[in-house]
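The values are calculated or read from the model by the stated rules, or taken from the named source; none is laboratory data. Remember, it's a predicted structure, so these values are computed and weren't measured experimentally. Don't worry about glycine lacking a Cβ; one is built from the backbone with ideal geometry, like all the others, and counts go over all protein chains shown. For accessibility, only protein heavy atoms count, side chains too; no ligands or nucleic acids. Shrake-Rupley method; radii C 1.70, N 1.55, O 1.52, S 1.80 Å.
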Amino acid sequence: MQTSRPVQILKDILATLIVIVFMFPIFWWSLSSIKPYTAIFNKDGPVYFDFQPTLQNYEVTLLGKSRIESNLESGGTSGAGGGSSYDSRETILQSIIVAVGSTILTIVLSTLASYALSRLPMRGKQHFLFWILSQRFMPPIAAVIPIMFMFRDMALLDTLTGLIIAHTLINIPIAVLLLKSFLDDVPKEIDEAAMIDGATRLQTFRRIILPMIKGGVAATAVLCFIVSWTEFLLSLYLTTSIRTLPVKISTFVTSTGTEWGFITALGTSAIVPSFIFILLVQRHLVRGLTLGSLKD
Amino acid sequence: MATVTVRDVVKKYGELKVIHGINLSIAEGSFVVLLGPSGCGKSTLLRMIAGLEPISEGDVLIGDRVVNDVHPKDRNIAMVFQNYALYAHMTVRENMSFALDLRKAPKDEIERKIAWAASILNLEPYLDRYPKQLSGGQRQRVAMGRAIVRNPEVFLFDEPLSNLDAKLRVQMRTEIKELHQRLKTTTIYVTHDQIEAMTMADKIVIMRNGYIEQAGSPLEVYDNPDNLFVAEFIGSPSMNLIEGRVEGGRFVSKGGTAIALPAGCKAGEGQAVVLGIRPEHTHPDPAGALEARVGVVEPTGPETHIYFELDGRDICAVTRERTGVKPGDPIRLRLDADRIHLFDQASGKAIR
Ligand SMILES: Nc1ncnc2c1ncn2[C@@H]1O[C@H](COP(=O)(O)OP(=O)(O)OP(=O)(O)O)[C@@H](O)[C@H]1O
Ligand SMILES: [Mg+2]
């Protein structure tokens, strides 16, 4: 479509503004993470760039140094608190294990389930699909206590396995529905052609259908990863010694004060793995994957 | 190569019966076209032969084997779909080798088969392209390539040309026919395009509402339609039909026009009938017995279609002469008496 120059310029300005609005919190967050204590709590107003940048917050949260050590090295003044409870290296590892694990588990189960739901005849399929969707109606807080009891009885409390299962349970409904919509776009003649070519159901699924919807699978995986990466409530209730990132960050709000420096540093770091993950899958996130299998 | 036999086959979707006990036998190596209007059950019948649709009643045989419960992959058939159903993530080569790979055919055999198919179908330059990088006609050929590399006993085509433009369709029609003459594989071809049917088929099977109306060679069904439906469906422009009754050995239309009937006509006196005459057997002729007024004149180049009104019905005459008639002109017409068809008005069946 042709747009006139002024309209195009207006559109560009608008787009830039929207991007700024959405980027600002991230910018502010990461900026705060390299501010010294005094700049974060400057009571004269927000500090933008006139401060001495420091990596102290990162050294404490990511390298496990105590605040004293970190301060001595950079020659800064000592703030309140300190100690290794801000060391988040294990947390990050655990969060990655849980997010990656639950994403893989979700994708494996959901692709199979959605293929069956998309292709095989089933009595009352509509009701079953609605039931799957309805799993998302309930606020998780309403179910968290029963889930906790069930997990205790199954000895899954405070285990990585337990958390992976919990996050998989959260993600499966939406993943199944999403993947089914991608599968429904692949015409059934493709399955039939493969079947006539001699493929079994499973071969058809693995060698023909799955590669055709890999864009959809990638998109779904991103979604599942982000849900698990940012999930708070279940992680809080189902674990005590294991700490995922959101739970860990919440512990930085202490009775003696809020450690904004550590919160922003860890929050900024938390963007990185999901960013990498999205980069890895984004080349599959192209539209029109079935392009060319049909006449037009 | 194999024969295909369809025996009393019925297809039901729940309570809905869409195929009503069809019988059909297809000779080894022949090219059979299933022809009929949309929704008549052509695809359903083809898919039952392919094994993609369960058979409600009756038997389908490939060769001497009843295949009702045989999985599609074990029927040794190949199918080309209307939308081609190519594997989008595979190159042309991979699309064609998929079936052979699954069978664990040796590498050099696969290579040889693909080279052979590609040379027949002129696909050599495109073997490493993806389907989305091909034109419609090329995709169509890939779909055919995928079918022929497997060396099946039966080819099934479901309206393979309906998505191509008119010119390409004519070209592909010839290519498919050549392919059949070369491979001599039993072929069942579904279409609703009667020109395709006439030009390609050894045998045309005309279907309507889940019944076979007539089966025969193209010229048989054209020259001797069994009933009004076939008479009207085959031929373009379609057969002229005039309602009336038989009186004193002649046909008298509702408007009172009398037409002499050929000798030995089996129609009973007073019987309500429909007279059919093909446009090419209707001639403008100053000495003709019928009088009419010219409505529309359509020159197509080699021939001219002249529409005129007779007893309130549009009748068409096809002539190769340059008559120069204009709309509104009075015209006299002559019918080839030995080309007149009579149908019983109530049953629609041909009176022979
Ligand atoms: N899954 C189904 N459930 C119910 N009825 C069906 C189903 N599939 C097809 N039909 C019906 O069966 C009849 C025959 O369908 P079919 O697809 O064989 O027609 P067709 O002759 O191939 O038509 P077209 O030329 O439009 O492809 C149609 O009336 C259709 O409505
Ligand atoms: Mg059809």
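A few comments on the model shown:
- The criterion of at least 3 residues that are on the phi < 0 side of the Ramachandran plot and among the hydrophobic types (A, V, I, L, M, F, W, C) is met by the following strands (runs of 3 or more DSSP E) wholly inside region B:272-338: B:272-277, B:290-299, B:304-310, B:313-319, B:330-335.
- Some residue of region A:218-229 being within 14 Å of chain B (Cβ to nearest Cβ), within 25 Å of B:LEU86 (Cβ to Cβ) and within 21 Å of the chain's Cα centre (by Cα): yes
- When every residue of region B:12-19 is checked against the conditions, at least one turns out to be farther than 11 Å from B:VAL154 by Cβ, within 14 Å of another protein chain (Cβ to nearest Cβ) and not charged (D, E, K, R).
- If you go through region B:231-244 and keep only what is aliphatic (A, V, I, L, M) and more than 13 Å from B:VAL274 (Cβ to Cβ), you end up with just B:ILE234.
Residues are listed down the side, and each one gets a yes or a no for (1) more than 26 Å from A:LYS214 (Cα to Cα); (2) away from every other protein chain (no Cβ under 13 Å); (3) out of contact with any strand residue (DSSP E or B) (no Cβ under 6 Å at 6 or more places or on another chain); (4) not charged (D, E, K, R):
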residue	(1), (2), (3), (4)
B:HIS89	no, no, yes, yes
B:ASN95	no, no, yes, yes
B:GLU109	yes, yes, yes, no
B:PHE155	yes, no, no, yes
B:MET172	yes, no, yes, yes
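- The condition (being closer than 23 Å to A:GLU189 by Cα and of a type in the set (Gly, Ala, Ser)) is satisfied by just one residue among B:ALA147, B:ALA115: B:ALA147.
- If you filter region B:153-163 down to residues that are aliphatic (A, V, I, L, M) and within 16 Å of ligand 2 (Cβ to nearest atom), you find that the one that is nearest to A:GLU189 (Cα to Cα) is B:LEU156.
- Top-ranked residue of region B:1-28 - restricted to ones that are acidic (Asp, Glu) and outside any strand (DSSP E or B), ranked as surrounded by the most Cβ atoms within 10 Å (Cβ to Cβ): B:GLU28
- Among the candidates A:ILE164, A:ILE190, the residue that is under 23 Å from the mean Cα position of the chain (by Cα), part of a helix (DSSP H, G or I) and crowded, with 21+ Cβ neighbours inside 10 Å is uniquely A:ILE164.
- Of all residues in region B:178-202, those that are under 9 Å from the mean Cα position of the chain (by Cα), in contact (Cβ under 8 Å) with a residue 40 or more places away in the chain, open to solvent by 10 Å² or more (accessible area, probe 1.4 Å) and away from ligand 1 (no atom under 15 Å from the Cβ) total 2.
- Test: B:GLU124 is assigned by TED's automatic domain parsing to the domain that holds B:VAL67, over 15 Å from B:MET90 (Cβ atoms) and without any contact (Cβ under 8 Å) to a residue 12 or more places away in the chain: yes
- Subset of region B:234-263 (residues that are polar (S, T, N, Q) and either crowded, with 16+ Cβ neighbours inside 10 Å or more than 30 Å from B:ILE195 (Cβ to Cβ) (or both)): B:ASN240, B:SER253, B:THR257
- Helices (runs of 4 or more DSSP H) wholly inside region A:1-72 that include at least 2 residues being aromatic (Phe, Trp, Tyr) and closer than 29 Å to A:LEU93 by Cβ: A:5-33
- Qualifying strands (runs of 3 or more DSSP E) (wholly inside region B:29-97; at least 2 residues being within 16 Å of ligand 2 (Cβ to nearest atom)): B:31-35, B:77-80
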